[in-house]
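Take a look at the structure set out below.
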Amino acid sequence: MYRASVGITTNMKPKATGWIASNAERLGIEGIWIGEDIDLGQDVFVLTAATLIQASKTRVGTAIIPVAVHSIKTLARAAVTLYQTGGGRFVFGTGIGGIQDLKSLGISLTKPVSELRKAISVLRKLWAGEAVTVESELGQLKDFDLGLKKPFQIPVFLGVRGPQMLKLTGQVADGVILSGPFDYLKDAVRRVDKAAENSGRSAKDIEKVAWLPTIPSFEGSDEGLAKRVVALVVADMPLQVVDMLDVDTQRVTQIREAVAKSGPSAGIPFVNQEIIDMFSISGEIAYMVDRFETLARMGLTEVVLGPPFSGNWRGTMTEVFQEIKRRR
């Protein structure tokens with residue numbers, strides 16, 4: 001059995017994100033994951049707090065808030081506040097950040113895996129009530145603490161892709177948030193499990209969340225929006241992942257170059273049905289739920305629906321969760 005969740009982003013309208021949160025219990029939504037579109041739309045911390053309040057019985061996580069974009073002090077304090085606001089229902093999902101986002105901000109790290117490992121260690125020490133002194137590419141702290149009267153054990157999930165990042169996840173994280181083609185996801189689960197076991201941990205203790213663009217086929221769906229989202233996913237996919245796929249590499253290169261030069265919309269003309277099928281879950285509702293069940297059999301413990309959302313997405317979301325419930 002897998003958890004069935006919904007993904008939202010800061011660039012969605014408050015009316016839309018509020019509807020999802022307010023109807024979570026009615027629909028049977030077991031988790032809400034919030035992606036930060038850097039410098040776009042709602043503030044990620046405010047949106048997460050609002051979602052925790054509106055979806056009063058649902059687990060809510062960030063997927064992701066990049067450690068390369070926010071100060072470690074801000075992340076540490078915000079996570080404690082959100083964990084308290086949600087009565088323990090908050091999950092801190094983090095990572096270095098997407099390739100295109102970091103490029104646009106002029107951020108470049110020489111040792112991203114080491115920096116992420118260090119950031120997780122610092123955050124956990126701060127949440128444990130310790131004072132921390134550290135210097136890294138992401139910033140420095142000198143004898144800094146949160147002034148906590150009691151420690152907090154906030155779950156840390158990593159949104160990562162590359163082999164070394166997956167290895168790090170198996171070693172230190174409570175969960176992983178994965179995105180990519182099915183062949184890659186199968187390999188990623190294997191790498192995380194192996195790293196966990198080599199570190200003396202149980203692979204079963206690490207939750208594995210699959211968040212792929214989900215594109216239902218229904219009247220009024222926006223094909224351009226779907227292609228834009230898939231183009232961004234392709235552009236952000238590490239080359240070592242692309243190399244392992246049976247895909248038109250020339251077309252993938254065209255998408256990546258167009259997105260890097262002019263943004264996700266520029267990649268739309270190069271996204272065909274083969275690319276959509278490989279990098280997203282697309283089709284009729286029954287087929288989509290079939291694919292969710294396939295992911296569960298591969299070892300994924302949670303599947304995230306959306307975005308993109310277009311047309312009568314509220315009705316479609318309701319039908320998807322009804323189909324999931326019917327099969328259970």
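The values are calculated or read from the model by the stated rules, or taken from the named source; none is laboratory data. The structure presented is a predicted model; accordingly, all values stated were derived computationally and were not measured. Here Cβ is always computed from backbone atoms with ideal geometry, including for glycine, and neighbour counts include all displayed protein chains.
Numbers at a glance
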{"read-out": "Candidates Asp145, Asp205, Asp174 - the one that is of a type in the set (Asp, Glu), within 16 Å of Glu302 (Cα to Cα), modelled with pLDDT of 95 or more and out of contact with any His (no Cβ under 6 Å at 6 or more places or on another chain)", "value": "Asp174"}
{"read-out": "Among (1) part of a helix (DSSP H, G or I); (2) assigned by TED's automatic domain parsing to the domain that holds Val320; (3) within 29 Å of Thr316 (Cβ to Cβ) - the single one Ala210 does not satisfy", "value": "(1)"}
{"read-out": "Sole exception among (1) at pLDDT below 95; (2) within 10 Å of Ala4 (Cβ to Cβ) for Val303, by number", "value": "(1)"}
{"read-out": "Members of the stretch 234-251 found to be buried (at least 21 other Cβ atoms within 10 Å of the Cβ) and free of Cβ contacts under 8 Å to residues at least 60 places away in the same chain, listed by number", "value": "Val234"}
{"read-out": "Of all residues in the stretch 145-172 being over 11 Å from Ala188 (Cα atoms) and of a type in the set (A, V, I, L, M), the one that is surrounded by the most Cβ atoms within 10 Å (Cβ to Cβ)", "value": "Leu158"}
{"read-out": "Answer residue from the stretch 303-315, given it is within 22 Å of the chain's Cα centre (by Cα) and not small (Gly, Ala, Ser) and is surrounded by the most Cβ atoms within 10 Å (Cβ to Cβ) among those", "value": "Val304"}
{"read-out": "Top-ranked residue of the stretch 58-73 - restricted to ones that are more than 21 Å from Ser114 (Cβ to Cβ) and not charged (D, E, K, R), ranked as surrounded by the fewest Cβ atoms within 10 Å (Cβ to Cβ)", "value": "Thr58"}
{"read-out": "Those residues of the stretch 75-108 which are over 16 Å from Gln153 (Cβ atoms) and either free of Cβ contacts under 8 Å to residues at least 24 places away in the same chain or among the acidic types (Asp, Glu) (or both), in sequence order", "value": "Asp101, Gly106, Ser108"}
{"read-out": "Residue pairs meeting the criteria (Cβ under 7 Å; at least 6 apart or on separate chains; first in a helix (DSSP H, G or I), in the stretch 190-201; second charged (D, E, K, R))", "value": "Arg191/Lys167; Val192/Lys208; Ala195/Lys167"}
{"read-out": "The stretch 12-27, residues that are surrounded by 15 or more Cβ atoms within 10 Å (Cβ to Cβ) and part of a loop (DSSP other than H, G, I, E, B)", "value": "Met12, Asn23"}
{"read-out": "All positions within the stretch 262-316 that are within 24 Å of Ala63 (Cα to Cα), assigned to a helix (DSSP H, G or I) and among the hydrophobic types (A, V, I, L, M, F, W, C)", "value": "Ile275, Ile276, Met278, Phe279, Met288, Val289, Phe292, Leu295, Ala296, Trp313"}
